[in-house]
1. For Lys41, which lysines qualify as cross-link partners when the Cα separation must be under 24 Å and same-chain residues fewer than eight apart are set aside?
2. Between [x] -0.37, -1.17; [y] -0.56, -1.11; [z] -0.47, -1.19, which entry matches log10 I(q)/I(0) by the Debye sum over Cα atoms at q = 0.08, 0.15 Å⁻¹ as derived from the coordinates of this structure?
3. Give the cross-link partners of Lys292 among the lysines, using a straight C-alpha distance below 17 Å as the criterion and excluding same-chain residues fewer than 8 apart.
4. Which shape class applies to segment 246-319: rounded if a/c is under 1.5, otherwise prolate when a/b exceeds b/c and oblate if not, where a ≥ b ≥ c are the square roots of the Cα gyration tensor eigenvalues?
5. Expressed in whole Å with the largest first, what are the equivalent ellipsoid semi-axes of segment 91-145 derived from the C-alpha gyration tensor as the square root of 5 times each eigenvalue?
6. Enumerate the aspartates and glutamates that Lys149 could reach by cross-link, defined here as Cα to Cα under 13 Å, with residues fewer than 8 away along the same chain left out.
7. Under the 0.36 nm per residue contour assumption, what length would be gained going from the current alpha-carbon distance of Trp295 and Asp38 to full extension?
8. Simple spin-label model, 7 Å along Cα-to-Cβ: Leu31 to Arg223 in nm?
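What follows is calculated from the coordinates using simple rules that are stated; it is not laboratory data. In this text the structure is predicted, and so the values were computed from the model without any measurement. Cβ: placed from backbone, ideal geometry, glycine included. Neighbour counts: every protein chain shown.
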Amino acid sequence: MEAASAIRNHLDAQQFSRSLLGWYQGNKRQLPWRGESDPYKILVSEIMLQQTRVAVVEDRYKKFIAQFPTVEALARAREQTVLAAWSGLGYYRRARNLHAAAREIVSRGGFPSSSEALQELPGIGRYTAAAVASIAFGEPVAVVDGNVKRVLQRITGKDLSEVQHWQTANALLAPEASGDFNQAMMELGAVVCVPGNPLCLGCPVIDFCATRGAEERQKRAVRNKAVLKYALCVKGGKVLLQQRPSTHSLMPGMWELPPFNHNQAAQPLMKLKHSITTTDYSVLVFAGNLRKGQWVLLQNAERFALTGLTRKILRNIRD
């Protein structure tokens, strides 16, 4: 509890929360899931926001909720249908876990209302469980994500451990408004206390902060480079797709164009760039004449659980 004691000595937690919540009420971004109390919709937004930019999630969240408006609707859906709706967001394990969690919730007869019980669901970790429990059910439990960690480290001026991050967040928490407080902390880290050059002059809790101004610029990790080659086989308004084996370590069960394996010189029909995690790909698409796979109407292709790259290639064809 050393970190929690330190934060109490460093600042008045109640004054901190009043300043933060006052700023949040007047400055929060208008997002589709803001003000939502349905735990299912909050869960969908939190899962989507993992590893994905808010700007991308806004549109995809609306479409996903329109297709699966309730946890029961998601639970009834086929996995391939869910993956198709998720296509382009990447990290497809999130979609599979969300689908499995929905089925578990329905089988239990309702949503667990505590962060501890929520962590028993597939793919739900401590952060997501705390976010849903605090926002939907008002449980007085803090959240710690990357944005919150950055805020806490700057406020305390300390290089906090994982345990200390959670202790400190809970020491600052406004228990009577835990959902708004948690969203305010994440919002502060996302739009004010940003990496590199934080907007300190616009910070509502600058008086409580031990460190101000730009951070020392960190070296960017060297990204891997690779080339991918695909065969585009089109006839009669149909395109040939192949499904990745269910045992594949990356995106199992997803649909994509067949690989282009010919060694002879050929001019690609299309060149594009694509990035996945730590690798930047140069993608070459060649005319193909293969037969192994499934012929799908181009206009219906997006109903399949396509990889994000395949979706990008097919959209370029239509454009």
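1. Output for Lys41: Lys28, Lys62, Lys63.
2. So the structure-derived entry is [z].
3. Correct list for Lys292: Lys229, Lys235, Lys238.
4. Working: a/c = 1.28, a/b = 1.09, b/c = 1.17.
Note, shape of segment 246-319 comes out rounded.
5. Semi-axes (√(5λ), whole Å): 18, 14, 7.
6. By straight Cα distance, Lys149 reaches Asp159, Glu162, Glu187.
7. On the way: separation 257, 0.36 × 257 = 92.52 nm, distance 4.02 nm.
The Trp295-Asp38 span can extend by a further 88.5 nm.
8. Result: 2.4 nm between the two label points.
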